[in-house]
């Protein structure tokens, strides 16, 4: 049976007890993303996605009056990303189009089904007003410090265009390999970048007027993350060993030791200023590395078993802790030439803060200072303004989704930006409660949504997130995909379900060992399935839950866990909704054909062992015990999980006469880019679970 939803009214169920809250109402507020602070002054910009209509907003101190500066009027699924403000504050540059959450390359996505082929375009817009200028097709733009040129990547090559759109971009130089991570020197006369050559990569520099590229200490290593010192005299970069030709060991964790190298531009010399320990915990962390003033380099690492922040002298020495403890540092940023580092972390004054986010600012001379907030609110995505006086970030809590705010770094009240654009504030949503249960050697955190009152026994639903490197929170999420899931959880709970959102192993927020267990992930084990089964057992132990009516839903990696739960434990999972999930790991990893063609004899034992485990952990291996009904949902332009995964599972289940419904979203991607497709998907999830699990 294919689910068809022809009328919007059928798609938007109302929250019981709160008649004004439909699913549409819960996600009607514009959702902020792509936060950016200008390199000078007190100036910030962001993207608001208002029911699918994406537009750029700008605000400037001291009054912080916000204004919309683009005028896109359709829910067309075309992303706005890579925002940047020129140093002279005359231009905003951005990218329109693309699928920046996709794993696989392809033509620009067209979720709206437009008869005109979409593009991924570098755009520039005068801040004072005017028309959007298209500079060329490409991605990852970088405005030069003079504010007159934009470098960007197109087909792995570096292009350059005048920011005013006087002409389209043209090649800046020739370089063999794939270019990336463009970084202008502070004077705008040189451009550093990475040059990927396959098993090794260089940090290279193009100097204005030069006849050839400069390679900074070329070796067989993989060099990345070039960062100019604020005075422009040095470049720091990360170095990992080059990749060998030996097959990767899939079933064994191996340390990724790395180094920080500083190259002196004037002297043409390099110094390795720090080498990591050769331990798993100290393996390369790609999330953050940057200068902290001209004399130190800040970076993220998990020496203690938790992803924290450290700082090392640019002349070499031992790392100094900037932010360390049993918590995770996330989204760290600097604002050269100052040495302040702002970051979000799941820590604070309240014991529940491990399942929240708060923002702190650290310097080389002072301990971390938190931004003033109510303990039950959350703050994420910090940015330091160019004048070093303000923090720009998102604030959210259990009632209200993220909203852009600014606060003085030295302390003071927070200001909400664009308050007139908010459709509604909520005060009567269900407050999720932190619950903790044990699964093997791990404590598993979850958020329990339960409406007071109702019948003595209620149906229940487990929600499993995707990623899997994600953490669900005690409130609205800072990513729009999971904010939508939070809204669905609220709707289900309001309809009388007990809803449990599960932070299973492989997720972030609970330490390196929790995020990197050897017995879980990508077909190498199914320890995370044990966490889902323990979540089911936790619900069955609650007197208000009817153990015969427990369902499960989730997307992406969560979709895989839904299929695994229904295939391996239909006795305890009465129904499920699998949204773009993986069902056969060997096919998803692109090695199934190797096995069927008997090429496995040319592979090490590790590969043969991997194929056995990958199949065993795949839902397809347990179809004989799959009895529970399922709704399968996926867009057929998915660049993360092959749409064939849905087709194959659907046909196999029908052959076994399992109750299967499907909802196919033509031209939609893994991210579900159209707002109307989210509403369709959310309504289908709620209706299906209500129909299958309510008496």
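Taken together, the values in this text are just the output of simple stated rules run on the coordinates, not laboratory data. Values in this document were obtained by computation on a predicted structure and should not be read as measured data. Ideal geometry is used to build each Cβ from the backbone, glycine not excepted, and the neighbour counts take in all protein chains shown.
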What is the angle, in °, between the Cα long axis of helix 527-540 and the longest principal axis of the Cα atoms in the chain? Nearest 10 is fine, range 0 to 90. 50
Largest first, please: the extent of the C-alpha atoms of the stretch 287-423 along each principal axis, to the nearest Å. 52, 34, 23
Linear extension gain, residue 441 paired with residue 351, 0.36 nm per residue minus alpha-carbon span: 30.3 nm
Sort the stretch 153-239 into rounded, prolate or oblate with this rule: let a ≥ b ≥ c be the square roots of the eigenvalues of the Cα gyration tensor; rounded if a/c is under 1.5, and if a/c is not under 1.5, prolate when a/b is larger than b/c, oblate otherwise. oblate
Gap separating the Cα centres of the stretch 389-410 and the stretch 640-695, nearest whole Å: 35
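Please give the peptides 522-534, 182-194, 127-139 ranked by average Cβ packing (other Cβ atoms within 10 Å per residue), highest first, as a rough proxy for protection. Don't skip to the end; give the middle numbers.
Working: 522-534: 21.3, 182-194: 19.5, 127-139: 16.4.
Going by the mean number of other Cβ atoms within 10 Å, highest first, we get 522-534, 182-194, 127-139.
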Packing-based exposure ordering (other Cβ within 10 Å, fewest first) of 499, 47: 47, 499
For Cα pairs less than 8 Å apart in space and 6+ apart in sequence, what is the mean separation divided by the residue count of the chain, i.e. the relative contact order in percent? 10
Gain upon complete extension [residue 388, residue 115; 0.36 nm per residue less C-alpha separation]: 93.6 nm
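Neighbouring Cβ atoms within 10 Å as the yardstick, rank 215, 72, 557 fewest first.
On the way: 215 13, 72 17, 557 26.
With the fewest neighbours first, 215, 72, 557 line up as 215, 72, 557.
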Can you sort 505, 176, 470 by how many other beta carbons sit within 10 Å, fewest first? 176, 470, 505
Would you kindly calculate the translational diffusion coefficient of the stretch 383-482, applying Stokes-Einstein with the Kirkwood radius from alpha carbon pairs, for 25 °C and a viscosity of 0.890 mPa s, and quote it in µm² s⁻¹ without decimals? 146
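By how many nm would the segment from residue 131 to residue 456 lengthen if fully extended, with 0.36 nm per residue of separation less the alpha-carbon distance?
Working: separation 325, 0.36 × 325 = 117.00 nm, distance 6.10 nm.
Going from the current span to full extension adds 110.9 nm.
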Order 567-576, 446-455 from most to least packed using the mean count of other Cβ atoms within 10 Å. 567-576, 446-455
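What number, in nm² with one decimal, is the all-direction average of the projected area of the convex hull of the alpha-carbon atoms of the chain? If you can, show how the numbers build up before the last one.
Details: hull surface 119.4 nm².
So the Cα hull casts an average projection of 29.8 nm².
Sequence gap at least 6, Cα distance under 8 Å: using those rules, report the relative contact order of the stretch 287-423 to the nearest whole percent.
Numbers: 310 pairs, mean separation 19.8, N = 137.
Reported relative contact order: 14 percent.
For the ranges 622-633, 667-678, 424-435, what's the packing order if you count other beta-carbon atoms within 10 Å of each residue, average per peptide, and put the highest first? Show your work: numbers first, answer last.
Values: 622-633: 20.1, 667-678: 23.4, 424-435: 15.7.
Highest-to-lowest ranking by the protection proxy: 667-678, 622-633, 424-435.
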With axes computed from alpha carbons, what is the tilt in degrees of helix 480-494 against the longest principal axis of the chain, rounded to the nearest 10 within 0 to 90? 30
Rounded to 0.05, the calculated FRET efficiency for the beta carbons of residue 220 and residue 548 at R₀ = 56 Å is 0.40
Dividing the alpha-carbon Rg of the stretch 21-171 by 2.2 N^0.38 Å yields what? 1.06
Rough spin-label spacing in nm, given labels placed 7 Å along Cα→Cβ, for residue 278 and residue 571: 4.9
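Provide the FRET efficiency to the nearest 0.05 for the residue 176-residue 244 pair, computing r from the beta carbons and using R0 = 22 Å. The partial results should precede the final answer.
Working: r = 22 Å, r/R0 = 0.98.
That pair, residue 176 with residue 244, gives E of 0.50.
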Note the angle between two axes, namely the Cα long axis of helix 644-655 and the longest principal axis of the Cα atoms of the chain, as a number of degrees from 0 to 90, rounded to the nearest 10. 10
One finds the C-alpha centres of the stretch 507-538 and the stretch 150-200 to be spaced, in Å, by 40
So what is the relative contact order of the stretch 519-596, in percent, for Cα pairs below 8 Å that sit 6 or more residues apart? 26
